1. Taking interchain pairs and intrachain pairs at least six residues apart, which have beta carbon atoms under 6 angstrom, with the first residue in the stretch 83-106 and under 12 Å from residue 25 (Cβ atoms) and the second at pLDDT 90 or above and hydroxyl-bearing (Ser, Thr, Tyr)?
2. For the stretch 19-47, which residues satisfy the criterion of being acidic (Asp, Glu) and closer than 14 Å to residue 81 by Cα?
3. Across the stretch 49-74, which residue is nearest to residue 103 (Cα to Cα) among those that are of a type in the set (Val, Ile, Thr) and surrounded by fewer than 19 Cβ atoms within 10 Å (Cβ to Cβ)?
4. Filter the stretch 31-44 for residues that are farther than 17 Å from residue 63 by Cβ and surrounded by 13 or more Cβ atoms within 10 Å (Cβ to Cβ) and give the result.
5. Quick test of your reading of the structure: residue 28 fulfils all but one of (1) surrounded by 12 or more Cβ atoms within 10 Å (Cβ to Cβ); (2) farther than 20 Å from residue 119 by Cβ. Name the failing condition by number.
6. What helices (runs of 4 or more DSSP H), lying completely within the stretch 1-118, carry at least 2 residues that are modelled with pLDDT of 90 or more, at negative phi and aromatic (Phe, Trp, Tyr)?
Amino acid sequence: MIDDLKSIGPGAHVRARLKVNTEMLQMYWEIGRTILARQREEKWGAKVVGRIATELRTEFPGQRGFSRSSLHYMVKMARLRPEPIVQQAAGQLPWAHLQVLMDKCKTRPVLDFYIQHAVRNGWSRDDLTSAIHHALHLSHAAAINNFDAVIPERSEAAKEIIKDPYRLDFTDRVRELLPSAEDLCRIADGVLNTPHTTA
């Protein structure tokens with residue numbers, strides 16, 4: 001009985017971390033979607049995203065993940081996945097996995113193939129990169145679907161989520177640090193309405 005009771009805590013800890021990862025990815029998707037919508041509406045230039053990144057890091061100094069390159073990935077994710085990320089298998093993967101996928105997969109079916117396999121098999125980022133490098137999708141004729149895609153709690157991908165320092169930053173003050181759509185719009189308005197000189 002003691003062994004059974006001792007196993008409850010670590011299992012709950014892993015499940016909590018996986019849920020935090022999903023919430024963080026949802027936040028990243030919402031930020032990307034908001035920026036993407038404003039870019040389309042207001043015809044922003046590429047430099048605006050860098051200025052928004054600076055403003056977000058100033059506004060939320062304890063939160064990691066607001067670099068210029070991270071914001072570009074968030075926008076790319078929103079462009080590739082217009083539907084909410086938490087309703088998809090991709091919402092179960094670590095952020096670094098999604099960055100690899102966005103860099104390496106050129107079409108949506110190929111992207112979906114690797115997402116499904118990474119989730120189902122609990123691949124580490126190295127496993128995922130190797131599978132993409134060896135074009136695993138070309139040797140598998142099975143249809144791509146998202147049925148029963150749940151990341152195994154004891155998988156390499158779950159271990160990477162637990163080890164990722166971003167999860168620790170994110171869990172400390174989740175509600176305080178989540179920028180709302182209004183915050184993002186206010187920051188974007190401030191950036192767009194601030195005179196900017198180039199050197």
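The values are calculated or read from the model by the stated rules, or taken from the named source; none is laboratory data. Keep in mind it's a predicted model, so treat the numbers as computed, not measured. A quick note on method: Cβ atoms are made from the backbone with ideal geometry, for glycine too, and the neighbour counts reach across all protein chains shown.
1. 99/73
2. Step one: of the stretch 19-47, the residues acidic (Asp, Glu) are 23, 30, 41-42.
Residue satisfying the conditions is 30 alone.
3. Only one residue fits best here, namely 54.
4. Hits for the stretch 31-44 are 33, 36, 37, 38, 39, 44.
5. Exception for residue 28: condition (2).
6. Those helices (runs of 4 or more DSSP H) span 2-42.
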